[in-house]
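Values quoted throughout were computed directly from the atomic coordinates according to the rules given, and no laboratory measurement underlies them. Since this is a predicted model, take the numbers as computed values, not measurements. Cβ placement follows ideal geometry from the backbone for every residue including glycine, while neighbour counts extend to all protein chains displayed.
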Amino acid sequence: MIEGLTHPGCEALRGISAPVTLVGDPGYDEARRMWNLAVDLRPAAVASPRSLSEVTELARVATAAGLHLAPVGTGHGVGGFTGVDLSDTVIVRMQDFTGVRIDVDQQVAVVTGGTRWSAVIEAASANGLTAAHGSAPDVAVAGFVLGGGLSFYGRQHGVSANHVRSVQVVLADGSVVTASATELPELFWALRGGGGTFGIVTEVQIELLPYADVFAGMLLWDRSRASQVVPAWAEWSRQVPDSVTTSLRIMSFPPRPELPPFLSGRDIVVVDGVFLQPDDQAAALLEPLQALNPELDTFARTPAVGVLAMHMDPPAPTPGVMKHCVLDAFDEAAVDRFLAQVGDGTRHGLLLAEIRHLGAAFAVTPNGAGVFGSVAGSYLAQAVAVPMPPPNAPAARAAVQDFILALRPWSSAALVPTFTDERRAELFCPTDVARLRGVKQAIDPAGTFVSALEL
C-alpha cells in the first residue's frame, strides 16, 4: 500500500456512480497496475467507468474539483507517463466499458470504450470480415487506431488510423461530441494520431476488411542460422508485392516451464506475416524462405481471427521497455550491423529485436488523413527488453538504446506513436505540432486531459 494524502479534490469523486479508488484505499495498488508492469503510475485516483453516463459524470465532477484526467485502455502504451507527476490526476481505466457491433452491409465495426481487439475480430470474423488490427489480442482498439497502428494488412491497406470513420469523445465539461470528416473535422484530424490528448474516447467506428481467412503463419530457426536467414529475408522483402506484410525477429527466451519447449531457454529467428493472395501464389512467394529449412513452418490458409495469436505477444501483463526507429533502408550494411548487435553469439539483453517491413500503402497518406496518416520509411526497427526484476530497468533501457543507436545511420526522422514509449512532441513535424496545440486549446483550454503525447 502506498502511504500519503490524495488530492483534496478527490473526495468529490466518492459520490459518483463509477467505481473509484483513491490513494490509501484497499485495492489502490491493483487498480493502478498497468499491462506494462515496468511502469509505476501513482495517480491521485483510478476510476473505472462502465457506461457513457458514468464517463460524462466523472468528467464533470473531476473537472469541477480541479483534477486532471488521463484516459487509459489496457495500459500497454503508458511508458510516456514515466516520471510524470500524477498526484492531481485521475487515471480513467476503460477496460470495463466495452462492446462491439458489426454493420455487415457497411463493413464497419462500432467499438465501445476499452474493447480489445480479440472481441472485435471474433465478432467480425463471424461475418467473414476482419480489421487492420495489431499483433496482440489484448490491446484496446481505440488506443491502437488513434495512435496510428501498424497491422499485418498494412502494406496493402495502410496505417490503421486511416480506417477510422468517426470518434465519440467526452470533453472536460462532460459533453459528448462526435468527430468525423463532416463533424468537427479538425478534432477528427487531431485524434487520429493524437489519441486521448483531447478527451475520453468512448466509441470509434472503424472500417473492416473483406477477409474471412488469409495465408499466414511463421517460420522459425535457431539463432545460429541468423547469418543466413536475416540477409535472405532482407533481400526477399525488397521484391515482394504490396499484398505481403512480414516481420523478422530475433527473440531470446529464458528457461521457463510455462513456455513451450521450442521457445524455453532458446534464441531463435522468426519470420511471420500475412499474404493477401491465393494459396498457390503465396506459397510460390514464400519458397525462397522455406528453402532455408526452418525447423517450424506454420504458414497455411488461416481464419482471420488466428492472425491475432501469430506474433506470440505476451498473453499476460509483463514488464517491458521498448524503443523504435524507422529505417530508410535495410541494406547489406544495415543487416551486418543488426547481426553484430543481436546475431548468433551476442549477449544483448533484449527479449526481441524486430524489423517490420513497411513501405507500399504504409507510406501513402490518403486524402482526409489525420495527423498520422502514413510512415515515411521502408522498415521499422524495434527493441524490447524485460527488466526482471523491475530494478533492472536502467539496464533494460540501455540495451534498447544501444540497439537503436547502432541503426542510426539508416534511420529517418519518422516515429510511430503506437511504438513510442516516451513522452515527446517530436512524433510530428513542427507545423503539425502547432496545429495540434491549436486543437488542444480549442477543445481542452484548461488542459484537463493528460496523455503520453507532450504538447
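Distance in nm between label sites at Ile16 and Asp29, each 7 Å beyond Cα in the beta-carbon direction?
Here the answer is 2.6 nm between the modelled labels.
Could you work out how much longer the chain between Val177 and Leu259 gets when fully extended? Use 0.36 nm per residue separation minus the Cα distance between them, nm to one decimal.
24.9 nm
Which value in nm describes the separation of the simple spin-label points at Leu405 and Glu186, placed 7 Å from the Cα toward the beta carbon?
4.2
Once you have the Cα-Cα distance between Arg347 and Gln228, take 0.36 nm times their residue separation minus that, and quote the gain in nm to one decimal.
Length difference between fully extended and current span is 40.9 nm.
Computed over the Cα atoms, what is the radius of gyration of region 213-419 divided by 2.2 N^0.38 Å, N being its residue count?
Normalised by 2.2 N^0.38 Å, the Cα Rg of region 213-419 equals 1.01.
Starting at the first residue of region 323-332, write each ³J(HN,Hα) from the Karplus equation 6.51 cos²θ - 1.76 cosθ + 1.60 with θ = phi - 60°, in whole Hz, x for Gly and Pro.
Running phi through 6.51 cos²θ - 1.76 cosθ + 1.60 with θ = phi - 60° gives 8, 9, 8, 9, 9, 6, 7, 10, 8, 4 Hz.
What order, most packed first, do the peptides 441-447, 77-83, 130-136 have when packing is the mean number of other Cβ atoms within 10 Å of each residue?
In decreasing order of mean packing, 441-447, 77-83, 130-136 become 130-136, 77-83, 441-447.
Answer with a single label: of (i) 152; (ii) 134; (iii) 172, which was calculated as volume of the Cα convex hull per residue in Å³ from the structure in view?
Label (ii) holds the value from this structure.
If you bin the C-alpha pair distances of region 72-127 every 5 Å from 0, what whole percents do you get?
4, 16, 22, 17, 13, 11, 8, 5, 3, 0
Once you have the Cα-Cα distance between Ala284 and Asn367, take 0.36 nm times their residue separation minus that, and quote the gain in nm to one decimal.
Extending this stretch completely gives an extra 26.4 nm.
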